[in-house]
Amino acid sequence: MGPGRLAGKRCLVTGGSRGLGLALCEAFARAGAKVAFTFSRNVEDANDARRRIEQAGSEPLVFQGSVADAAHVGRTVTALGEAWGGVDVLVNNAGPTQILPLALLDEADWDAVMNTNVKGAYLFSRAVLKSMIRARSGHILNVGSFASERVVEAPIHYAAAKSALRGMTEALAREVGRYDIKVNLIAPGLLDVGLARSLPRHRLDEYLTQCPMGRLGTVVEIADSVVFLVSDENSFMTGAKLVFDGGL
């Protein structure tokens, strides 16, 4: 990943204060982009993320709120329009992980996961598209999961939400392709952050046994690949799902 690959690009990452979202923000900053991110609750994590992104080369704009709150989404995108004139890259990354069997799954749990993963992606995509259509350029990247299509045990609401993101990606890519806006989805396997840290040890061992590469992915290797996906070098790929799961 060469420096300057995203020089001048205006990038917004939802859920960018930790995990894969933070790794994406750092990778974008190293590649020369302007970076903004959203977070929901943990101010300490957000402040740490701000420092790390600054060290990577960008002074980030930071916004707190729920991605499922249309007012928050509107304020965020309006502020970026005033500061930057628009957004070139949107990464819909925000998404909670929760391991519960269906029998113990409350309606509120279902709504929280679906709202963050699916409604949030809808609201932010809709909000940034005006400036992208005017520019006749842009990248929207949705963060899905191997859990939506692989034969592995995964929480029902999580798998459903990530499957919905896949359908949204394909449909939106067809809708906005005429404006040279690319819409793609990445489907990481278990990474060294997030869900893997919540799994019981026997479940994690089972996954590693099934994975041909026999290890977890790292957020750094995913983020470095994403830099290409949202750069001008990716000029013809849209509606695609890119799987990073070690061959599972």
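Hey, any hits in segment 55-66 for a residue that's at positive phi and open to solvent by 30 Å² or more (accessible area, probe 1.4 Å)? Outline the logic, then answer.
Start the filter on segment 55-66 by keeping residues that are at positive phi, which leaves 57, 65.
Among the residues that remain, those that are also open to solvent by 30 Å² or more (accessible area, probe 1.4 Å) are: 57.
Checking segment 55-66: at least one residue is at positive phi and open to solvent by 30 Å² or more (accessible area, probe 1.4 Å).
Scan segment 1-22 residue by residue and report those that are of a type in the set (A, V, I, L, M, F, W, C), out of contact with any strand residue (DSSP E or B) (no Cβ under 9 Å at 6 or more places or on another chain) and modelled with pLDDT of 95 or more. Reasoning before the result, please.
Let us first name the residues in segment 1-22 that are of a type in the set (A, V, I, L, M, F, W, C), namely 1, 6-7, 11-13, 20, 22.
Checking the rest, the ones that are also out of contact with any strand residue (DSSP E or B) (no Cβ under 9 Å at 6 or more places or on another chain) come to 1, 7.
If the condition is that a residue be of a type in the set (A, V, I, L, M, F, W, C), out of contact with any strand residue (DSSP E or B) (no Cβ under 9 Å at 6 or more places or on another chain) and modelled with pLDDT of 95 or more, then ALA7 is the only one that fits.
Taking the condition of being open to solvent by 40 Å² or more (accessible area, probe 1.4 Å) and either closer than 18 Å to ALA33 by Cα or among the hydrophobic types (A, V, I, L, M, F, W, C) (or both), how many residues in segment 85-113 meet it?
If we filter segment 85-113 for residues that are open to solvent by 40 Å² or more (accessible area, probe 1.4 Å), which is where we start, we get 85, 96-104, 106-108, 110-112.
Imposing the further condition that a residue be either closer than 18 Å to ALA33 by Cα or among the hydrophobic types (A, V, I, L, M, F, W, C) (or both) reduces the set to 85, 99-100, 102-104, 108, 110, 112.
Number satisfying all stated conditions: 9.
Could you check ASP45 against (1) free of Cβ contacts under 8 Å to residues at least 40 places away in the same chain; (2) under 16 Å from VAL91 (Cα atoms) and say which number it fails?
(2)
Any idea which of (1) of a type outside the set (S, T, N, Q); (2) under 21 Å from ALA7 (Cα atoms); (3) in contact with a Cys (Cβ under 8 Å, 6 or more places away or on another chain) is the one ALA223 doesn't satisfy?
With (1) of a type outside the set (S, T, N, Q); (2) under 21 Å from ALA7 (Cα atoms); (3) in contact with a Cys (Cβ under 8 Å, 6 or more places away or on another chain) applied to ALA223, the lone miss is (3).
When both residues are 6+ apart or on different chains and their Cβ atoms are under 9 Å apart, which pairs have a first residue that lies in segment 9-32 and is open to solvent by 10 Å² or more (accessible area, probe 1.4 Å), and a second that is of a type in the set (Asp, Glu) and outside any helix (DSSP H, G or I)?
LYS9/ASP88; LYS9/ASP232; ARG10/ASP88
Can you work out which of the residues in segment 164-175 that are of a type in the set (Gly, Ala, Ser) and crowded, with 17+ Cβ neighbours inside 10 Å is nearest to LEU123 (Cα to Cα)?
The initial filter retains those residues of segment 164-175 that are of a type in the set (Gly, Ala, Ser), namely 164, 167, 171, 173.
Okay, now just the ones that are also crowded, with 17+ Cβ neighbours inside 10 Å, so 164, 173.
Working: ALA164: 14, ALA173: 16 Å.
In this case the residue turns out to be ALA164.
Tally the residues that are in contact with a helix residue (DSSP H, G or I) (Cβ under 9 Å, 6 or more places away or on another chain) and at pLDDT below 90, restricting the search to segment 198-248.
Of the residues in that region, 4 qualify.
Across segment 166-207, which residue is nearest to the chain's Cα centre (by Cα) among those that are of a type in the set (D, E, K, R) and more than 26 Å from MET237 (Cβ to Cβ)?
As a first pass, look at segment 166-207 and keep what is of a type in the set (D, E, K, R): 166, 170, 174-175, 178, 180, 182, 192, 197, 201, 203, 205-206.
Cutting the leftovers down to more than 26 Å from MET237 (Cβ to Cβ) gives us 192, 197, 201, 203, 205-206.
Numbers: ASP192: 16, ARG197: 19, ARG201: 26, ARG203: 25, ASP205: 26, GLU206: 26 Å.
Per the stated criteria, the residue is ASP192.
In segment 117-140, which residues are in contact with a strand residue (DSSP E or B) (Cβ under 8 Å, 6 or more places away or on another chain), among the hydrophobic types (A, V, I, L, M, F, W, C) and part of a helix (DSSP H, G or I)?
Scanning segment 117-140 gives ALA121, PHE124, VAL128, LEU129, MET132, ILE133.
With (1) in a loop (DSSP other than H, G, I, E, B); (2) open to solvent by less than 20 Å² (accessible area, probe 1.4 Å) as the list, and ASN184 as the residue in question, which single condition is left unmet?
Among (1) in a loop (DSSP other than H, G, I, E, B); (2) open to solvent by less than 20 Å² (accessible area, probe 1.4 Å), ASN184 violates only (1).
The values are calculated or read from the model by the stated rules, or taken from the named source; none is laboratory data. No experiment lies behind these values; they were computed from the predicted model shown. Quick reminder, even Gly has a Cβ in these numbers, built from the backbone with ideal geometry, and neighbours come from all protein chains shown. We work out accessible area using only protein heavy atoms, side chains counted, and drop any ligands, DNA or RNA first. Shrake-Rupley method; radii C 1.70, N 1.55, O 1.52, S 1.80 Å.
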